[in-house]
Amino acid sequence: MKILGTGSALPKKVVTNDMLSEFLDTSDEWITTRTGIKTRHIITDERFEDLATEAAGRAIDAAGLCPDDIDYIVCSNVSNLFITPHLSSIIMGNLGMKGPLCPTMDVNAACVGFVQSLDVCDALLATGRAKHILLVAAEECTRFCDWTDRNCAVLFGDGAGAVVLGQGDSLVASKITTIPMPDVIVYQNPMEATPFETREGIDTHSALVMKGREVFRMAVTSAARDIASVTADAGLTLGDIDHFLLHQANLRINEAIRENLNQPQEKFPTNVQRFGNTSSASIPLLLDEGVREGKIRRGDTILMSAFGAGFVSGIVILKY
Ligand code: COA
């Protein structure tokens with residue numbers, strides 16, 4: 001696997017903490033000190049699928065390819081109007097691909113979806129199943145939230161990041177783990193009633209509910225433990241890592257991980273202050289920004305680390 005190009009897209013509407021405090025019992029001071037978040041981009045009149053396609057198109061351009069060069073599309077997505085058809089098939093149509101049309105697949109691994117998809121794509125490329133994979137991570141997290149619940153609504157934003165992957169040996173190491181903990185972060189879809197279902201409460205739809213402190217603790221513990229061990233197992237030291245791209249859920253989580261690893265701040269780019277938690281899109285958004293600003297260069301060693309509902313934790317180390 002090798003990253004050939006990156007792209008991203010954000011909704012145009014920027015919502016500040018002060019704007020939220022107009023209808024929620026919250027404040028810029030609370031949100032900033034507890035999370036680091038100052039603003040987030042939220043979809044208004046855009047279509048989510050178009051945002052995802054925009055990020056995809058930019059990654060294909062950056063790779064110097066055209067849509068018909070893509071022979072596999074993988075989409076990391078949790079929050080989307082359509083359970084079916086899957087988002088990757090919608091993106092294929094939006095890109096105007098003429099064919100021969102290729103496989104499409106969506107991955108739901110919550111906020112770890114992009115990192116886990118990289119691991120899957122590496123296998124597809126290594127076995128020759130694909131030559132050019134478009135991997136898009138696109139999330140409309142703000143549609144999960146109860147906008148009367150200050151515990152969740154202030155945390156999230158919408159966005160999309162994408163990469164085009166080609167054949168190569170850039171993947172240095174990966175480790176994806178799941179601990180089944182079905183109640184730490186939960187969102188239930190509404191389901192249609194049937195005349196046969198008799199269990200109580202099974203169709204109850206609820207907006208996102210989260211055990212914030214537990215997630216915080218598990219995120220710091222799992223990331224600090226796995227980052228150190230995966231790096232060592234790959235025969236590297238933490239000093240060999242040029243950029244730590246951590247999932248952007250809370251600046252305090254990232255700061256705790258960084259302090260635990262005892263690494264300098266400049267190796268830990270952040271976007272949570274501007275974008276909020278964009279779930280699986282947060283790392284490809286960081287990557288694309290780093291590449292466009294010239295901070296991430298060819299040959300650099302990147303460690304990506306994410307955590308999320310499941311509870312899933314994932315690490316990938318690769319050469320850019
Ligand atoms: N504005 C003002 N007060 C708020 C608030 C808001 N937006 N949200 C919660 N509060 C209140 C709570 O009601 C609570 O009040 P109480 O003490 O009167 O009951 C108080 O602030 C403290 O809440 P607490 O949950 O202890 O705060 P915290 O320091 O743990 O921060 C999170 C809460 C959610 C920011 C933090 O736990 C977190 O980021 N966890 C990880 C979440 C995450 O990463 N989720 C996504 C995973 S991908």
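The values are calculated or read from the model by the stated rules, or taken from the named source; none is laboratory data. In this text, all values refer to a predicted model and were calculated from it rather than measured experimentally. No Cβ is skipped: glycine too gets one built from the backbone with ideal geometry, and neighbour counts run over all protein chains shown. Note: accessible area is taken over every heavy atom of the protein model, side chains too, but ligands, DNA and RNA are not part of it. Shrake-Rupley method; radii C 1.70, N 1.55, O 1.52, S 1.80 Å.
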Discussion item. Pairs needed: first member in region 134-163, within 15 Å of the ligand (Cβ to nearest atom); second member anywhere, among the hydroxyl-bearing types (Ser, Thr, Tyr) and in a helix (DSSP H, G or I); C-beta distance under 7 Å; at least 6 residues apart or different chains.
Written reply: Ala137/Ser280; Glu139/Ser279; Glu139/Ser280; Cys141/Ser279; Leu155/Thr35; Phe156/Thr142; Gly157/Thr142; Asp158/Thr142
Worksheet item: With respect to Glu266, is the statement that it is among the acidic types (Asp, Glu), open to solvent by 50 Å² or more (accessible area, probe 1.4 Å) and over 27 Å from Asp183 (Cβ atoms) true?
Response: yes
Discussion item. Suppose we keep only residues that are assigned to a helix (DSSP H, G or I), within 16 Å of the ligand (Cβ to nearest atom) and in contact with a helix residue (DSSP H, G or I) (Cβ under 8 Å, 6 or more places away or on another chain) within region 213-249. Which one would you say is nearest to Cys152 (Cα to Cα)?
Written reply: Phe216
Response to the item:
Checked against (1) open to solvent by 40 Å² or more (accessible area, probe 1.4 Å); (2) part of a loop (DSSP other than H, G, I, E, B), Met97 satisfies every condition except (1)
Worksheet, complete the sentence: Exactly one of Leu51, Leu65, Leu81, Leu24 is over 30 Å from Asp169 (Cβ atoms), part of a loop (DSSP other than H, G, I, E, B) and either under 21 Å from the mean Cα position of the chain (by Cα) or away from the ligand (no atom under 16 Å from the Cβ) (or both), and that one is Leu81
Item to complete: Give me a count of the residues in region 100-133 that are in a loop (DSSP other than H, G, I, E, B), within 25 Å of Ala309 (Cβ to Cβ) and touching a helix residue (DSSP H, G or I) at 6+ places or on another chain (Cβ under 8 Å).
Response: 1
